[in-house]
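Q: Here's a structure for you.
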Ligand code: SF4
């Protein structure tokens, strides 16, 4: 048994069931993005998606049977997940793992499935919630200009059908930066989209990309992104730090000198300016992407603003040697947060790695390489 799935989902949907309703990205022009390069966008017919949902329901029954055979009353533990995967393959493993995490969350792939007719999406979401009754949360990615083309009434229909959250790659609130990276949206469209989504009762999560303005536009990037967040006031904003990947137009711009990437400290300084410029937003700030240096940046505004700035100041106040140790340990996967540096077995290990690096320039190259992996 097989279903169709796309390549990515947001970090917060790591334990979600993935259901593909469109293929690839209908825009596919952002200069930093490689995910769907060379792939054609297409819409999946509603019947095909429904057939996938039916297949998932059959797999759910098989996984529950494995659980019963193990005397677990239908509960799914690690043993059931492994047995489902080894006996039947990837789909059973994915569904069993989803059940292991409660079988509650579903993410509709790919990059902008809101381009489907509202009636089709409503049909899919309603069907999904009937066939898989354990589902409590349904989310998807959408582009701001697609949202602005829908009426608030259409978004309300989707909310009533059971769409709970829209994840949106905002990247920047600066029109200069948005234009430079060919995002195809404006700051005003972002604000309008946020207002419509919130009026419909759907939750909104914006993804911000520190570093995206380069040295050329770091200040506008921070200040204007903060201004858009202040007006859009999404429920969540998540940092997803830029990494300039090979085979992207941004990489070519970097090679030609038209884009100068920020180093680790400059990115954190940019984040600080953004966070200190947030006024009036009640957003929850999350830093759960592996490319972020400071994963501990987590809190809800306005109450946690000083706590978030304090985390950044703690980092910026480290000695150059401590910073080098943390940056390398973080990028090499030894540390998750700055707190991990207090573990001598970890910090001494990173110190040994650092001894093999001969200069600050070499460290920058190593960090950039690790960050792009
Ligand atoms: S809209 Fe998203 S998926 Fe599409 S090219 Fe831009 S960043 Fe990539």
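Q: Could you give the angle, 0 to 90 degrees to the nearest 10, between helix 118-131's Cα long axis and the longest principal axis of the Cα atoms of the chain?
A: 70 degrees
Q: Please rank 27, 206, fewest neighbouring Cβ atoms within 10 Å first, as an exposure proxy. Intermediate values should be presented prior to the final figure.
A: On the way: 27 20, 206 26.
By the 10 Å Cβ count, ascending, the order reads 27, 206.
Q: What is the chain by shape, rounded, prolate or oblate, if you read a ≥ b ≥ c off the alpha carbon gyration tensor as root eigenvalues and call it rounded for a/c under 1.5, prolate for a/b larger than b/c, and oblate otherwise? Working shown, then result.
A: Numbers: a/c = 1.84, a/b = 1.31, b/c = 1.40.
Because a/c hits 1.5 or more and a/b fails to exceed b/c, the chain counts as oblate.
Q: Nearest 500 deg cm²/dmol is fine: what mean residue ellipticity at 222 nm does the chain get from its DSSP H runs of n ≥ 4 alone, each adding -39,500 (n - 2.57), divided by its residue count?
A: The helix contribution divided over the chain gives -15000 deg cm²/dmol.
Q: Related question: Pairs of alpha-carbon atoms within less than 8 angstrom and 6+ residues apart define the contacts here; what relative contact order does the range 318-373 have, in percent? Please report the intermediate quantities before stating the final value.
A: Details: 31 pairs, mean separation 21.0, N = 56.
Relative contact order for the range 318-373 comes out at 37 percent.
Q: First check a/c for the range 233-373, with a ≥ b ≥ c the square roots of the eigenvalues of its C-alpha gyration tensor; if it is under 1.5, answer rounded, and if not, answer prolate when a/b is larger than b/c or oblate otherwise.
A: On the way: a/c = 2.08, a/b = 1.21, b/c = 1.72.
Verdict is oblate for the range 233-373.
Q: Using Cβ contacts closer than 10 Å as the measure, can you line up 140, 290 from fewest to most? Intermediate values should be presented prior to the final figure.
A: On the way: 140 30, 290 15.
Taking fewest neighbouring Cβ atoms as first place, the list is 290, 140.
Q: Shifting gears a bit: Set the Förster radius R0 to 25 Å, insert the Cβ-Cβ distance between residue 265 and residue 188 as r into 1/(1 + (r/R0)^6), and round the FRET efficiency to 0.05. If you can, show how the numbers build up before the last one.
A: Values: r = 32 Å, r/R0 = 1.29.
Between residue 265 and residue 188 the formula returns 0.20.
Q: Over the chain, what is the relative contact order in percent, taking alpha-carbon pairs closer than 8 angstrom and at least six residues apart? Present the calculation step by step, with values, prior to reporting the outcome.
A: Numbers: 630 pairs, mean separation 46.1, N = 373.
It rounds to 12 percent for the chain.
Q: Taking only Cα atoms and a 10 Å spring cutoff, compute GNM fluctuations for the chain and point out the largest among 316, 68, 17.
A: Among 316, 68, 17, the largest GNM mean-square fluctuation belongs to 68.
Q: Let me ask something additional. Let me make sure I get this right: for the range 1-101, a, b and c are the square roots of the gyration tensor eigenvalues over alpha carbons, sorted descending. Under 1.5 in a/c it's rounded, otherwise prolate if a/b > b/c, else oblate. Which is it?
A: Numbers: a/c = 3.18, a/b = 2.04, b/c = 1.56.
Prolate, since a/c reaches 1.5 and a/b exceeds b/c.
Q: Which residue, 255, 84, 226, tops the fluctuation ranking in a GNM of the chain built on C-alpha contacts under 10 Å?
A: 255
Q: Then there's this: Return a whole-number percent for the relative contact order of the range 233-373, with Cα pairs under 8 Å and 6 or more residues apart as the contact set.
A: Values: 144 pairs, mean separation 32.9, N = 141.
With pairs under 8 Å counted, the relative contact order is 23 percent.
Q: Comparing 93, 349, 315, which has the greatest mean-square fluctuation in the GNM of the chain with Cα pairs linked when under 10 Å apart?
A: For the chain, modelled as a Gaussian network with Cα springs under 10 Å, the answer is 349.
Q: Restricting to the chain, compute how many DSSP beta bridges are antiparallel as a %, nearest 5.
A: On the way: 4 of 28 bridges.
For the chain, the DSSP antiparallel bridge percentage is about 15.
Q: Helix 78-88: angle to the longest alpha-carbon principal axis of the chain, degrees 0 to 90, nearest 10?
A: Result, in degrees: 70.
Q: Which angle from 0 to 90°, rounded to the nearest 10, does the C-alpha axis of helix 264-276 make with the longest principal axis of the chain?
A: 70 degrees
Coordinate-derived values only; no laboratory data. As the structure is a computational prediction, the values presented were derived from the model and not from experiment. Cβ sites come from the backbone with ideal geometry, for glycine too, and all protein chains shown count toward neighbours.
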